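Reading through the structure tokens given below for one structure.
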Amino acid sequence: MSKVAVVKWAEPGVEDGLTSEQYSAMLAAGFEAFGKPDFLAKMLRRNRPDSIEKGLFSTPDSRADVVGIKTNCLTRRNATPIALAKALARALTGSGFDENNIIIWDRTCWELAQADYKINVSFSGTRCFGTDANGVGYSEEFYGSGPVNSLVSRILTEIVSHSINLPVLKDHWLAGVSAGMKNMYGAIHNPNKYHDNNCTPFCGHINHLEPVRDRHRLTIMDAVNVQYNGGPGYKGQYLSFYGGLIISEDPVACDRIGVEVVEHLRRRNRMPPLQAAGRPAKHIDAAAELGLGESNLEKIDLRVVDVDGTGSVSEGELLG
Amino acid sequence: MNRRTFIRCVGCGAAAAAAQSGLLPEFLGGVQNAMAFDYTKKLSSVEARHYKKKPDGGIECGICPRHCFVTDLERGYCGVRENRDDTYYTLVYGLSCAVNIDPIEKKPLFHFYPGTTAFSIATAGCNVNCKFCQNWEISQVRPEQVDNLDLPPKALVDVCRQRKVPTIAYTYSEPVIFYEYMYDTAELGHRSGVKSVMITGGYIEKQPLAELLPHLDAVKVDLKAIREAYYRDVVGGELQPVLDRLIQMKESGVWLELVYLVVPTLNDTEQEFRDLARWVKTYLGADTPLHFSRFFPQYLLKNLPPTPQRTLETAHSVCRAEGLEYVYLGNLRGHPSESTYCPGCGKIVVGRRGYTIYEYNLKGNLCRFCEKHIPGLF
């Protein structure tokens with residue numbers, strides 16, 4: 001069974017977005033609901049030799065523990081919230097990661113900057129830059145997992161050891177939904193070659209590329225304000241408050257739950273289902289067939305919790 | 001441009017105003033480190049032609065048979081045409097990423113003013129993804145990933161006139177995807193006495209081609225195979241639309257030559273050569289020049305060897321036996337089949353070694369020895 005945790009903010013009055021402290025509370029509740037409260041700390045230890053774990057060396061090899069946080073900054077007004085990135089970075093440093101070994105990234109510096117992220121390539125603080133930053137660029141070798149081959153961001157191939165995907169859940173006119181797997185289109189040099197046939201099976205192919213697949217640790221999908229129609233470009237009239245974070249190690253299961261949320265919001269707003277709208281999110285089943293994860297809802301261990309302003313956690317409903 | 005250059009070439013300009021917004025400076029570093037620039041402003045924003053707005057949003061591109069459905073902020077398969085709020089833009093108008101003055105024989109066009117030169121340009125992008133592409137570093141990338149030279153149509157035509165280069169060649173990548181740039185340049189060139197030739201895979205829709213052809217003087221089409229499966233598996237396109245466009249080109253009267261890249265094990269059987277020759281003879285005519293080109297391993301087909309000379313010679317002999325009159329072998333420097341032979345008397349009318357003309361025996365379009373008409377523009 002693939003585990004997915006959905007954390008929903010239960011307090012009213014946050015339609016304009018959550019603060020990083022509120023996101024921190026949601027992350028903590030999410031990891032708890034996920035059954036892995038020390039997930040990030042374990043991720044830190046994952047690459048370390050036993051000798052370091054046993055304390056034989058006083059200085060851990062921090063180079064092996066660089067975390068890339070892949071944002072989605074395609075649109076300024078519907079980008080991965082900085083408050084969420086900040087909360088995650090704080091959770092990572094709290095779990096032992098060096099602050100400078102956390103890299104918030106996307107395709108270009110400009111896309112990050114237009115979403116109000118500050119570019120930082122210095123040796124202090126959390127770093128933040130795009131694949132187009134000086135000295136970064138794309139891999140020298142091609143990676144393939146289907147008919148199209150791609151160069152992959154060197155942030156994934158050479159710089160980070162762990163990748164956390166931080167997408168924004170939204171409708172997508174071709175893929176049905178733009179969720180976690182679709183966000184990795186921003187990790188390759190030729191995303192335009194992967195959109196045919198409702199992005200199927202191409203979305204799975206990208207996530208099956210060796211650097212993408214092997215670095216992936218976790219998806220934390222922002223579903224606080226979800227655009228349920230007209231995406232991926234920003235269309236404010238289709239924005240609906242859901243108030244959730246969807247968390248999973250399984251990129252397919254995470255997106256599967258994301259589809260349920262988008263379909264729910266579409267129903268609530270009297271929109272036809274994605275299938276009837278001509279854009280079924282069939283890339284998710286195709287990704288499951290590649291072995292990337294679980295797309296069958298019956299085989300997904302879903303835990304939904306609500307968090308309120310005091311930090312107290314209670315059982316919640318996915319589509320409540 | 002090599003791959004290292006490509007990796008580096010997405011420059012990082014001065015700090016953009018966007019980077020100066022005030023959120024989280026303590027968290028994500030100061031603006032002194034900002035290196036973001038609006039790359040979209042480095043690209044063109046000229047409205048594309050041949051697209052339809054969909055009633056429920058999004059656009060359908062009509063420039064090539066893919067008919068990409070493109071939503072807001074997305075691009076078509078070519079990577080150089082972008083939907084912005086349901087207006088479709090070409091991002092490469094006037095932006096050449098490859099510029100060179102080449103012998104016309106390099107295109108190759110052997111029956112088009114031999115010994116002259118062509119001012120050759122390309123932009124980033126392509127509407128197919130040939131696994132053997134020799135120019136993938138420009139054809140398979142997005143325009144912001146290469147260095148672009150600002151060379152709008154007028155500047156391009158002016159430089160040709162100043163340097164006395166008679167022809168502009170739209171080449172290297174796939175000119176169909178920079179249709180508007182090519183169209184306007186070719187039209188302006190004709191008004192200024194500069195010719196235009198399109199070097200293409202021929203994967204273009206009927207109407208855009210019909211509008212373009214009057215402004216072109218010659219077209220060279222890479223007919224990559226005569227099998228649909230090859231187009232699907234190796235090219236990432238379709239054969240039939242290319243065949244349809246070839247007939248359209250021939251009927252238009254534009255000068256047309258074909259190239260067939262012979263890739264070992266993938267499109268190199270005698271039956272394929274025979275089918276190709278028969279199709280060309282039937283639909284384009286026996287006097288249509290056909291160039292067989294030698295494959296060298298690169299891009300995604302590094303596992304295959306170069307085409308054996310013997311295979312190319314087989315292709316040549318099969319097509320000659322089927323009745324094609326002008327069959328050439330390319331990438332085989334010094335081979336006798338680089339030259340043009342008169343079908344009437346069998347003598348060399350244009351002797352070539354590589355891109356060099358060493359013998360010329362034509363008077364206008366007539367063989368100097370037997371006065372047979374040799375098709376083309378001489």
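When you go through (1) touching a Pro at 6+ places or on another chain (Cβ under 8 Å); (2) on the phi > 0 side of the Ramachandran plot one by one for A:Lys170, which number turns out not to apply?
Evaluating A:Lys170 over (1) touching a Pro at 6+ places or on another chain (Cβ under 8 Å); (2) on the phi > 0 side of the Ramachandran plot leaves (2) as the failure.
Out of the residues in segment B:59-70 that are more than 24 Å from B:Val146 (Cα to Cα) and assigned to a loop (DSSP other than H, G, I, E, B), which is farthest from the other protein chains (Cβ to nearest Cβ)?
B:Gly62
Inspect all residues belonging to segment A:184-194 and state whether any of them is within 11 Å of another protein chain (Cβ to nearest Cβ) and touching a His at 6+ places or on another chain (Cβ under 9 Å).
Among the residues of segment A:184-194, at least one is within 11 Å of another protein chain (Cβ to nearest Cβ) and touching a His at 6+ places or on another chain (Cβ under 9 Å), which makes the answer yes.
When segment B:151-170 is examined, which residues are found to be buried (at least 23 other Cβ atoms within 10 Å of the Cβ) and closer than 26 Å to B:Cys130 by Cβ?
Answer for segment B:151-170, where residues must be buried (at least 23 other Cβ atoms within 10 Å of the Cβ) and closer than 26 Å to B:Cys130 by Cβ: B:Thr167, B:Ile168, B:Ala169, B:Tyr170.
Kindly indicate which of B:Thr90, B:Thr116 is closer than 23 Å to A:Asp132 by Cβ, at pLDDT 95 or above, touching a strand residue (DSSP E or B) at 6+ places or on another chain (Cβ under 9 Å) and of a type in the set (Val, Ile, Thr).
When all the criteria are applied, what remains is B:Thr90.
I'd like the full set of residues that are more than 14 Å from chain A (Cβ to nearest Cβ), of a type outside the set (D, E, K, R), part of a helix (DSSP H, G or I) and within 22 Å of the chain's Cα centre (by Cα), limited to segment B:229-276.
B:Gln240, B:Pro241, B:Val242, B:Leu243, B:Leu246, B:Ile247, B:Gln248, B:Met249, B:Ser252, B:Leu276 - these are the residues of segment B:229-276 that are more than 14 Å from chain A (Cβ to nearest Cβ), of a type outside the set (D, E, K, R), part of a helix (DSSP H, G or I) and within 22 Å of the chain's Cα centre (by Cα).
Considering each of A:Arg270, A:Arg279, A:Arg217, A:Arg266 in turn, give the residue that is within 22 Å of A:Thr71 (Cβ to Cβ) and either of a type in the set (Ser, Thr, Tyr) or out of contact with any Pro (no Cβ under 6 Å at 6 or more places or on another chain) (or both).
Result of the check over A:Arg270, A:Arg279, A:Arg217, A:Arg266: A:Arg217.
Please specify each residue of segment B:327-355 satisfying the condition of being part of a strand (DSSP E or B) and without any contact (Cβ under 8 Å) to a residue 40 or more places away in the chain.
Answer for segment B:327-355, where residues must be part of a strand (DSSP E or B) and without any contact (Cβ under 8 Å) to a residue 40 or more places away in the chain: B:Val327, B:Leu329, B:Tyr341, B:Ile348, B:Val349, B:Gly351, B:Arg353.
I'm checking my understanding of the structure. Among residues of segment A:1-24 that are buried (at least 22 other Cβ atoms within 10 Å of the Cβ) and among the aliphatic types (A, V, I, L, M), which one is farthest from A:Asp255 (Cα to Cα)?
Among residues in segment A:1-24 that are buried (at least 22 other Cβ atoms within 10 Å of the Cβ) and among the aliphatic types (A, V, I, L, M), the one farthest from A:Asp255 (Cα to Cα) is A:Leu18.
Scan the strands (runs of 3 or more DSSP E) fully inside segment A:235-320 and keep the ones with 3 or more residues being closer than 30 Å to A:Thr19 by Cβ and of a type outside the set (D, E, K, R).
A:239-248, A:300-307
From the list A:Leu56, A:Leu44, A:Leu88, which one is at pLDDT 95 or above and not charged (D, E, K, R)?
Being at pLDDT 95 or above and not charged (D, E, K, R) holds for just one of A:Leu56, A:Leu44, A:Leu88, which is A:Leu88.
Output the residues belonging to segment A:71-92 that are among the polar types (S, T, N, Q) and away from chain B (no Cβ under 11 Å).
A:Thr71, A:Asn72, A:Thr80
For B:Ile226, only one of the following conditions fails: (1) over 18 Å from B:Cys64 (Cα atoms); (2) assigned to a strand (DSSP E or B). What is its number?
If we test B:Ile226 against (1) over 18 Å from B:Cys64 (Cα atoms); (2) assigned to a strand (DSSP E or B), just (2) comes out false.
Taking the conditions exactly as written (without any contact (Cβ under 8 Å) to a residue 60 or more places away in the chain, crowded, with 24+ Cβ neighbours inside 10 Å and of a type in the set (A, V, I, L, M)), does A:Val226 satisfy them or not?
Yes: the conditions hold for A:Val226.
Could you look through segment A:104-152, keep only residues that are among the β-branched types (Val, Ile, Thr) and buried (at least 24 other Cβ atoms within 10 Å of the Cβ), and pick out the one that is nearest to the other protein chains (Cβ to nearest Cβ)?
Looking at the filtered set, the residue picked out is A:Ile119.
Could you grab me the full set of residues in segment A:229-254 that are under 12 Å from A:Lys170 (Cβ atoms) and more than 14 Å from chain B (Cβ to nearest Cβ)?
Those that are under 12 Å from A:Lys170 (Cβ atoms) and more than 14 Å from chain B (Cβ to nearest Cβ): A:Leu239, A:Ser240, A:Tyr242.
Output the number of the condition that A:Pro211 fails; it satisfies all remaining conditions of (1) on the phi < 0 side of the Ramachandran plot; (2) modelled with pLDDT of 95 or more; (3) buried (at least 24 other Cβ atoms within 10 Å of the Cβ).
That leaves (3) as the condition not met.
The values are calculated or read from the model by the stated rules, or taken from the named source; none is laboratory data. What you see is a predicted model; the values in this text were computed from it and never measured. Every residue, glycine among them, receives a Cβ derived from its backbone with ideal geometry; neighbour counts consider all protein chains shown.
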